[in-house]
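J.: Quick one: structure below, then a few questions.
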Amino acid sequence: MRWPTVLLGFLAVALAQDSSTESSQSGTTTDGTVVSVTTPVAIPSGTYQEFTTTITLSDGDSSVIASTTHYNGTMTASNQTAVTTTSDSLTLLVGGGGGGTTVIGNNSMNATATTTGTATNTPVVNTRPCNNYPEFCTRKYSNITMVATHNSPFIRKNSVAANQALDVTTQLNDGVRTLQFQTHYVNGTMYLCHTTCQLLDAGTLEEYLTDVNKWMRRNPYDVVTFIIGNFDYVSPENFTTPIYNSGLKDLIYTPTKVPMALNDWPTLSEMILKQKRAVFFMDYQANQTAHPWLMDQFSQVWETPFSPTDPAFPCTQQRPPGLSKADAKNRMYMANHNLNLQLNLGSLSMLIPNTAQLDETNAVNGSGSLGEMAQECNTTWGRPPNFLLVDYYNYGNFNGSVFEVAAQMNNVTYDRKCCGKTSGALREVSVAGMSTVLLVAVGVQMVMSAF
């Protein structure tokens, strides 16, 4: 009889949890890499890197962008695009040219270096936004709070596995500058899937990054960060081809040191003027000796408790384990603020996004709000989080509330318009997801009672 096998297979898919909540395993990955996992159930873990010394890398591209046309990294028929010169009003990006220069540019990111004015000259105030704010141009990358979309590609109506409602281009247009996602290596191709590709398949990593590349070419004054969840613990060589083929290769930022301490990071204007503004982190199996640009996340960015079910959202350090407070204060950190619902049906237990409380979770203030957590983190660590990781960023106590929280942490004024809000659709997701879970649970009980 095939029904028990089919139902149990369906159960395995339905019980699949987010990579941040799946219990880890030990063994050999699909590319032969041995992974040792010793952390408790529900805390994912590969091998954590610890650097006893800092490696200084040469800056392979210290020149200022001065060409009239910019092409992407891999010239294929699908992604061959150019940014052409326009005659927009000129503005100044201060502090990015290096060697005592002020750099003049326009909307197409064509820049010309000129000598710095004397002290008696009238100071020039920059009006060109970097990552949405002129104030950010002279700030270090590590001194900015960014909204990060948790599982950015996972958008599926009526799917309990979805974490966002709007596509990645809309996310970027709305102001998101950090994209987090989970990857799976299937038959030689890197896919974006939520735990398993049977549960939610969002396509290939290359397709997703190609869309981001197109957006970055149209927005040359923006730095975008990618936080990769290496679910299958495969070697970093499996990521280089899809990243390069997406067209992002020439935009990739390579750090000057391994690892980068808090004050080692450049300003946004330095990254923008060099057009090295695609920042890549990977949680496990990074090898910065071979690929210094694909940075090991946890030696440079620590996290608060992930996929939390506690609406209090404590701002305690969790990954990497055993990090001293002094070391934690010397690197960036991410506040995980995506509330989950623990669903227990007899012996079955699973975590799903708690969409019913999004208006409170993503709010500016109030119990369990993003704003409350950000303030607590600021008090606890002496500086606000660098990344605010959220589900359904377009929900909150008002449209754009998560961006208002980031603006408050950055001491700037949020005055943008945001976002497409579809409350009804989310309620359908919640109800449909619960219905599916209940049907699976009934099916499993029937299977078990048959034995």
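The values are calculated or read from the model by the stated rules, or taken from the named source; none is laboratory data. Note that the structure is predicted; figures quoted are calculated from it, not measured. Glycine also receives a Cβ, built like all others from the backbone with ideal geometry; neighbour counts cover every protein chain displayed.
J.: Pull up the stretch 133-161, narrow it to residues that are small (Gly, Ala, Ser) and within 15 Å of the chain's Cα centre (by Cα), then point me to the one that is farthest from residue 197 (Cα to Cα).
T.: 142
J.: Condition first: touching a residue at least 12 places away in the same chain (Cβ under 8 Å), outside any strand (DSSP E or B) and either polar (S, T, N, Q) or crowded, with 21+ Cβ neighbours inside 10 Å (or both). Now tell me which residues in the stretch 321-340 satisfy that.
T.: Within the stretch 321-340, 330, 337, 338, 339 meet the criteria.
J.: Then there's this: Could you check, for the stretch 351-366, whether at least one of its residues is more than 21 Å from residue 178 (Cβ to Cβ), touching a strand residue (DSSP E or B) at 6+ places or on another chain (Cβ under 8 Å) and in a loop (DSSP other than H, G, I, E, B)?
T.: Yes.
J.: Let me ask something additional. Is there a residue being surrounded by fewer than 15 Cβ atoms within 10 Å (Cβ to Cβ), without any contact (Cβ under 8 Å) to a residue 12 or more places away in the chain and part of a loop (DSSP other than H, G, I, E, B) anywhere in the stretch 295-310?
T.: yes
J.: Then there is this: Starting from the stretch 135-160, keep only residues that are in a loop (DSSP other than H, G, I, E, B), then list their pairs with residues that are among the aromatic types (Phe, Trp, Tyr) and at pLDDT 95 or above whose Cβ atoms are within a distance under 8 Å, requiring at least 6 positions of separation or different chains.
T.: Between residues of the stretch 135-160 that are in a loop (DSSP other than H, G, I, E, B) and residues that are among the aromatic types (Phe, Trp, Tyr) and at pLDDT 95 or above, the close pairs are 144/136; 145/387; 151/181; 152/181; 153/181; 153/208; 154/181.
J.: Select from the stretch 227-284 the residues that are in a helix (DSSP H, G or I), aliphatic (A, V, I, L, M) and surrounded by 20 or more Cβ atoms within 10 Å (Cβ to Cβ) and list them in ascending order.
T.: Correct list: 243, 248, 251, 268, 271, 272, 273.
J.: Sticking with this structure for a sec: Which of (1) in contact (Cβ under 8 Å) with a residue 24 or more places away in the chain; (2) within 19 Å of the chain's Cα centre (by Cα) does residue 317 not meet, given it meets every other one?
T.: Condition (1) is where residue 317 drops out.
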